[in-house]
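Encoded as structure tokens, the structure appears first; notes follow it.
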Amino acid sequence: MSTPPPYPPPPDDNDPFKKQPPQDSGGGSSPYDTPPPPPPPPYGGGMGGGDPYGGGAGGGDPLAGMPPLAESGKRVLARILDMILVGVVVWLLSWAFGTNEFDVDPDKVEYGKSFGQSLLAAVLYIAYDSFMISKTGQTLGKKWLGLRVANLNDGATPTLQTAIIRAAVLWLPFAFCCACIWTAICGGWSFFDKPYKQGLHDKAAKTVVVSTG
């Protein structure tokens, strides 16, 4: 009488070739799914912690992905337009409140009135610039010429704090001591600055001026 064949051994639960990935029953993602890629950095920058606009640490183009930088000549023209607009308001208020720089006697300088006019000019210029830049990134002069101020790190419209820093660096010396010289230095810096064409006030606030056209 022959011996019956032995029963097959029970399946080995630890066999890696027979284990199946757990099935998703709740509609969510499986732990075996490929994770989604991270969102791209601002203006297409790299992942190496380099330049915020995509220059990266590998020596790439630092302007990659950035909107076109504004021409320095246009920036100067926009600034002149803003100076005229605010200057008219300063003159009218100075006349209305008697803070004209000179008295009727041309040989007598009223230093108190001169300081008052400078203070009024500084307050109005800083308030105008800060408010407009923090709202839309544009003063009237910049809007007419298709320019916009943006944060260097992400291209967003500057906050009020950033706009105040930028305006104070530009307008305080202009109003109190060296209007023509400081305007030429601060604004003219963008003609020579590389690669972002920043004025000194842009560098203080970490902003750039780009074209909207």
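Side notes on the structure shown:
- When you restrict to C-alpha pairs under 8 Å that are six or more residues apart and normalise by the size of segment 146-213, the relative contact order lands at 46 percent.
- Taking all protein chains as they are arranged and a probe of 1.4 Å, the heavy atoms of residue 180 leave approximately 110 Å² accessible to solvent.
- Overall dimensions of segment 143-213, expressed as equivalent-ellipsoid semi-axes from the Cα gyration tensor (√(5λ), whole Å, largest first), are 20, 14, 12.
- With K and R counted +1 and D and E -1, the other residues having a Cβ less than 9 Å from that of residue 187 yield a net charge of +2.
The values are calculated or read from the model by the stated rules, or taken from the named source; none is laboratory data. Just so we're clear, the structure is a prediction, and the values are computed from it rather than from any experiment. Quick reminder, even Gly has a Cβ in these numbers, built from the backbone with ideal geometry, and neighbours come from all protein chains shown. The protein model used for the area step is the full one, side chains on, heavy atoms only, and it has no ligands, DNA or RNA in it. Shrake-Rupley method; radii C 1.70, N 1.55, O 1.52, S 1.80 Å.
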